[in-house]
1. Pick out the one residue from Tyr496, Tyr551 that is surrounded by 21 or more Cβ atoms within 10 Å (Cβ to Cβ) and hydroxyl-bearing (Ser, Thr, Tyr).
2. Quick one: what pairs do we get from the range 64-80, first residue in the same structural domain as Val127 (by TED's automatic domain parsing) and at positive phi, second aliphatic (A, V, I, L, M) and modelled with pLDDT of 90 or more, C-beta under 8 Å, 6+ apart or different chains?
3. Output the residues belonging to the range 444-473 that are modelled with pLDDT of 95 or more and either of a type outside the set (Val, Ile, Thr) or not assigned by TED's automatic domain parsing to the domain that holds Tyr551 (or both).
4. Taking the condition closer than 23 Å to Arg292 by Cα and of a type in the set (S, T, N, Q), does Thr72 pass?
5. Going by the conditions given, is Leu692 in the same structural domain as Arg465 (by TED's automatic domain parsing), more than 16 Å from ligand 2 (Cβ to nearest atom) and either buried (at least 17 other Cβ atoms within 10 Å of the Cβ) or under 28 Å from the mean Cα position of the chain (by Cα) (or both)?
6. Could you list, in sequence order, all residues of the range 196-222 that are of a type in the set (Gly, Ala, Ser) and either at pLDDT below 85 or surrounded by 13 or more Cβ atoms within 10 Å (Cβ to Cβ) (or both)?
7. Can you pull out every residue in the range 314-336 that is at pLDDT 85 or above and part of a helix (DSSP H, G or I)?
8. If Lys525 satisfies every condition in (1) more than 16 Å from ligand 1 (Cβ to nearest atom); (2) among the basic types (Lys, Arg); (3) within 26 Å of the chain's Cα centre (by Cα); (4) part of a helix (DSSP H, G or I) but one, which is the exception?
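The values are calculated or read from the model by the stated rules, or taken from the named source; none is laboratory data. Here the structure is a predicted model, which is why all the values come from computation and not from measurement. When we count neighbours, we look across all protein chains shown, and the Cβ atoms used for this are built from the backbone with ideal geometry, even at glycine.
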Amino acid sequence: MTPVNNAPRQLLRRLHSIMAGAGSAEHRLTEVVRLVASNMIAEVCSVYFMRGGEILELFATEGLKEDAVHKTRLRVGEGLVGHIAATALPLNLSNAQKHPKFVYRAETGEEIYHSLMGVPILRSGKVVGVLVIQNKTQRHYMQEEKESLQTVAMVLAELVASGDLLDPQEQQEATLERAATSRFEGMVIAEGMAEGVAVFHEPKIEVVKHLTDNIPLEKSRLGAALKSLQNQIEDMMSAEDMRHQGEHREILDVYMLFAKDKGWRSKIENIIDTGLTAEAAVEKVQLNNRARMLQMDDPYMRERLSDLDDLANRLNRHLMGLVKTAASEDLPDKFILVAQNMGPADLLDYDRDKLCGVVLQNGSQTAHVSIVARALGIPMVGQMGDMILTVADGERVIINGVDGVVYFSPPQEILQSYRENIKSRNVLMAEYEALRDKPTITLDGIEVELLVNAGLSIDMDGLKRSGASGVGLFRTEFQFMVSESLPRVGPQAEFYRDMLDAAEGKPLVFRTLDIGGDKPVSFLKRDDEVNPALGWRAIRIAFDRPALLRYQVRALLKAAENRELNIMFPMISDVSEFKMAREILDKEVARQKKRKSPLPKKIRVGSMLEVPALIWQLDNLLPLLDFISVGSNDLMQFFFACDRENPKLAGRYDPVSPPALSMLKSIVDKCNEYDVPITLCGEMGGKPITALALLAIGFRRLSIAPAAVGPVKMMIRSLNLAEIEGYVTGLLSRSDHSLRELLTAFARDHGIKI
Ligand code: PEP
Ligand code: MG
C-alpha cells in the first residue's frame, strides 16, 4: 500500500487556524513562515512582498537573520527572488548558488544554503511577492511540495488583499506614470474605427477565502456552479448572432465540452478534498494547467490557455455569485473595453449595442477572441504593452483600427479630427454600399472581376455584403487551426458544403491546406524551423503526409456533389509537384467513381503561384491546369527575400516597383498567351493604388478582402485604363525604388479615385 502523505493536509489545517486566529497581519505572517519551514522540513522560509518602485522586501523569515527583515531588498529581476518575481514562475533548484541569477546578501547569512524553491505570490495575475524555502543540503523538492508552497502563496495573497500588511495606496505605486494623453501603437486585429469611454474588463476574480473545513458543502457548491456555467454557455449559444454555424460557434461548443468535462471536475474535487474552498481549488487546477501549457512552445496551445483561464475564471464567478456583474452593470452608452487579455465568451457577455471596440494589452490574430471580434465587426487593437495598465476607467478612447493607433484622453483637436474621420469613413462606407450592385467596369469599358478572400464562414457574409462575384481564395486551413484534432472527412465535407451553399451559386475556389510555417495546427508535430516560411508547409506537408490531402480532397468532392468544384494547391514550386497533387485528386475521383458516389458536375484545377521558380516553368505548367492564382504575399517575400511577418522590414520593398511589376507582367502575359485565367489573391490587390498598378500591367481579376471591394471598385469605375497602361509600361524600365508616388500623382491628375 502506498503511504499516505498527511503533510499537505496538516499544513492546510494549521494555516487555517493561523489565518483565522488573532494578532496583527505581521504576526500571522511570521507564524506562517514558521509553520511552512517546519512542515516542509526546510531550514529557511521567507516571504518577500513588492513595494513601490518594483522592489521586493523581506517581510518575514524563519531561518535567515531576523535583522534582515525589512532591510533586505531586491529589485525585480535581481537575484533568485527577483527572478521569480520577474518571470512569475516557480523555481526549484538543488544547488541555488550555481544559478546565474544567484546574488549573495551578507545580512541574511545566506551562503550556507544550497537548495531553494520559490513561488510567486500572485494577485489578479500580477506578482505581489515571493515565497521561498531553502535547505542546507542539496535537496530535490518534489512536485507535491511545490504545490503546497503554491497553496500557501495563494493564502498569503489573501493577506495582502486585506490591506493590513501594505498600505493599499502603496500597492498601486508600482504602476507606471504616464502623460495625460497617450498615443499607443499596436496591432490591428479587427478593422474599424471607434470612439468611446474606457471600461476596464476585469476578468480575474480575486479568491478571498481559500481554506474550508466543510468539504461536502464545497463540493455541492462546485456542482451547482458548474451547472449554472453550462446554462450560461447555452444562453450564449442561442444568442441571435451566434446561432448559425461557424468558428465562433465552434469555440462555444469547445467551451461547453470543457464545462461538462468530468476530468476537470474531478481534479477540482480532489483539491477540495485537501481542505481548499471550491474557488481556491478551481484556481489551483488552473495554476497547474498554466504551468503545464506554458512549457509548450506551441502558440496554438498558448492561445487555448487563455480560453481555459477564461473558463476557470468564469466558473469562479459562478461560485461567488458574481455572474452578471462583469458585463451587465450600468455601462456607458458607447464604451471601449480595455483588457490585458480576454476570452471569447467574455466578449460575448457585453451588450453589443454599447460595445464599440476593444483594446488589448496582448492579443493575437489567431486567438479565439480575435476571431469573434472580426466576426461581429468590433474593432480590436492588440499588442499595446504594459502602459495600457495605466489607463483609468472612464477615460475617453479613440481606436483607429485601421492603422493600429489608440488614443487615451485625446486633446480636443485630435478628438475632433477623429470624429470627422469616423464620420467621413461612414459616408464613404455608404458610397461603397451604393456601388454594390453596379458593374465593375472602367470608364473605357473594360470589365474587371472582383472576388473575395475568405477562410471563415463569417467571410461568406462579406461576399454578400460586398457584392463581389465570387470567392477567389478560400483558405481552408482555418478549420484545421481551430480544431483540437484532425477534422474528419464528414465534418470537413459538411463545412465545405455550407460554404458552397453560402456562395449561392457564385464561384468559390478552395485552396487545399496551407498549414505549417506561421499557421500551426495542434495535431501535427513540427520541428523548430529557422525559416518556417521556407520550410515544411503547405503542399510540402501534403506530400509527406498524403492522407491529409487525400481526405481533404475527398471531402471537397463530396461537398461539391453535382456542383462545380474549383480547387487549387498552395506553394507549388515546380511542375512535378503540381502533377503529384493532381494525381492525388485524380485518384480520389477514381475512388468516388468506383464506389458510384456522386461527383462534382465539373472540376477545375489550379495552382497558386507563390514561388518564383514556377515563373520559369509556365510553358510546361500552363497546359496542365485550368487557372493560376498569384499569391503575391508569399511571392513578394520570396522575390525580395523579405520576411512578410517581420515588422522591421514592413514597407522596405515596394511591389509597386519596376522589378516586381515586370515579374508580374511576365506572368500575366504568359497566361494570356496560353489563354489560362489568372487571378491575383494577395493583399496587393486590396489597395486602390496597388490594384491600379496591377490593372495597368494586365490583371483583370483580383481576389481581395471583402472590405476592400468597395474602395477598389470605386477606383476602377473612375479609371480610363488605356491611359494608364501605356504610362505604367513606360515606367518599368526605370530604376526607381518605388513607382508609388508617380502613380499616385498620375491618379490625382486624372481623377482616379484612389
Ligand atoms: C499569398 O501568399 O499571397 C496568399 C494569398 O496566401 P497566404 O496569404 O494565405 O499565404
Ligand atoms: Mg501564400
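1. Tyr496
2. His70/Leu58
3. Once the filter is applied, which keeps residues that are modelled with pLDDT of 95 or more and either of a type outside the set (Val, Ile, Thr) or not assigned by TED's automatic domain parsing to the domain that holds Tyr551 (or both), the range 444-473 yields Asp444, Gly445, Glu447, Glu449, Leu450, Leu451, Ala468, Ser469, Gly470, Gly472, Leu473.
4. So Thr72 does not fit the description; no.
5. yes
6. Gly196, Ala198
7. Passing the criteria: Arg314, Leu315, Asn316, Arg317, His318, Leu319.
8. Single failed check for Lys525: (4).
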